[in-house]
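Peer 1: One structure is given below, represented as structure tokens, and several questions about it will come after.
The values are calculated or read from the model by the stated rules, or taken from the named source; none is laboratory data. In this text the structure is predicted, and so the values were computed from the model without any measurement. Positions of Cβ are generated from backbone atoms using ideal geometry, with glycine treated the same way; all protein chains shown enter the neighbour counts. Calculation scope for accessible area: heavy atoms of the full protein, side chains included, ligands and nucleic acids excluded. Shrake-Rupley method; radii C 1.70, N 1.55, O 1.52, S 1.80 Å.
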Amino acid sequence: MTITCRPSQYSASAIAHAVEDADAHLLNLNVTAGTAPDSPTTVQLRVNHSRGESVARSLQRYGYDTVEMGGTPGLVNSDLAERVNALLHYLEV
């Protein structure tokens, strides 16, 4: 997951707290860009949660913007799961 924020807003402990509010654990945090005073700070996170959307929502509540979200290959995203469940419901009729 990649997030951005203003340089004055960056706090590793606040990011960790936001991740933990989503019942996840922060495994890795790297600042990849934005160390200059006028540029946004870009941070890459690795968390151990199967649904990154809930972590992204928690980070947004803390004022961080999620710009990219990746996952472990093989995990099912929520849109795909909803479509599969709708198909199974249709086939039961």
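Peer 1: When a/c reaches 1.5 or more, the comparison of a/b and b/c decides; with that in mind, is the chain rounded, prolate or oblate per its Cα gyration tensor? Don't skip to the answer; put the middle values down first.
Peer 2: On the way: a/c = 2.83, a/b = 2.57, b/c = 1.10.
Judged from the Cα gyration tensor, the chain comes out prolate (a/c at least 1.5, a/b above b/c).
Peer 1: To the nearest 10 degrees, how steeply does helix 78-92 sit against the main Cα axis of the chain, on a 0 to 90 scale?
Peer 2: The helix 78-92 is inclined about 10 degrees to the chain.
Peer 1: Could you pull the accessible area for Met69 with a 1.4 Å probe, rounded to 10 Å²?
Peer 2: The value for Met69 is about 90 Å².
Peer 1: Same structure again: Tell me, what is the FRET efficiency for Val31 and Gln60 to the nearest 0.05, using R0 = 25 angstrom and their Cβ-Cβ distance as r?
Peer 2: Step by step, r from the Cβ atoms, then E = 0.85.
Peer 1: Mind checking the per residue accessible area of the chain for me, 1.4 Å probe, whole number of Å²?
Peer 2: Details: 6490 Å² over 93 residues.
With all protein chains present, the chain gives 70 Å² per residue.
Peer 1: Further question: Which order do His49, His17, His89 take by accessible area at a 1.4 Å probe, largest first?
Peer 2: His89, His17, His49
Peer 1: Under the 0.36 nm per residue contour assumption, what length would be gained going from the current alpha-carbon distance of Glu82 and Glu53 to full extension?
Peer 2: 9.0 nm
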